[in-house]
Amino acid sequence: MIDQLDAIQTKRLRLRAEGRATFAVQRQGEAIGRVGFRSAAERAPEARIWIAQTHRGHGFATEALKAALAWARDSWGRRYVAAGHHLADAAMARVLIKAGFLYTGVVAPREAGEPVRMMVWLA
């Protein structure tokens, strides 16, 4: 098993007043994905994560999301964050659950594509 502290680094790329923060996910100096938040004034920030196909299944998404959530709580002052996964995406569901998200019972329609099962993380 790799040492997670050495293998994953999150780097803040930008934080704007309108509620966006994006981090690069790196492993041994190589960018392997990104995790970030976007929000509108009236809604909770929504977490988004993407990991390159060749790096999936090794816990990088969970570790990066946990680090980003800690940053959102400690540096951004957020007490709750929303996230969602497509109904058929069991892998993303597991990532969100491992990071501490809970199901809300809401299945939200999206502009394009299939509906998303919504979850919430509470600090």
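The values are calculated or read from the model by the stated rules, or taken from the named source; none is laboratory data. None of these values were measured; they are calculated from a predicted model. Ideal geometry is used to build each Cβ from the backbone, glycine not excepted, and the neighbour counts take in all protein chains shown.
Residues considered: 34, 73, 56. Of these, the only one that is over 23 Å from residue 114 (Cα atoms) and charged (D, E, K, R) is 73. Of all residues in region 85-96, those satisfying the criterion of being surrounded by fewer than 14 Cβ atoms within 10 Å (Cβ to Cβ) and either under 18 Å from residue 34 (Cα atoms) or of a type in the set (Phe, Trp, Tyr) (or both) are 91, 94.
Within region 70-84, does at least one residue satisfy the condition of being under 16 Å from residue 25 (Cβ atoms), surrounded by fewer than 19 Cβ atoms within 10 Å (Cβ to Cβ) and within 16 Å of the chain's Cα centre (by Cα)? Looking through region 70-84, at least one residue is under 16 Å from residue 25 (Cβ atoms), surrounded by fewer than 19 Cβ atoms within 10 Å (Cβ to Cβ) and within 16 Å of the chain's Cα centre (by Cα). Contact map, region 13-30: first residue within 15 Å of residue 49 (Cα to Cα) and modelled with pLDDT under 70, second residue surrounded by fewer than 16 Cβ atoms within 10 Å (Cβ to Cβ) and of a type in the set (Lys, Arg), Cβ cut-off under 7 Å, separation 6 or more or different chains; the map is empty.
For the residues 39, 75, the requirement of being among the polar types (S, T, N, Q) and either touching a Pro at 6+ places or on another chain (Cβ under 6 Å) or at pLDDT 95 or above (or both) singles out 39.
With the condition kept exactly as written, say whether any residue in region 87-107 is farther than 12 Å from residue 47 by Cα, in contact with a strand residue (DSSP E or B) (Cβ under 6 Å, 6 or more places away or on another chain) and acidic (Asp, Glu). The answer is no; no qualifying residue exists.
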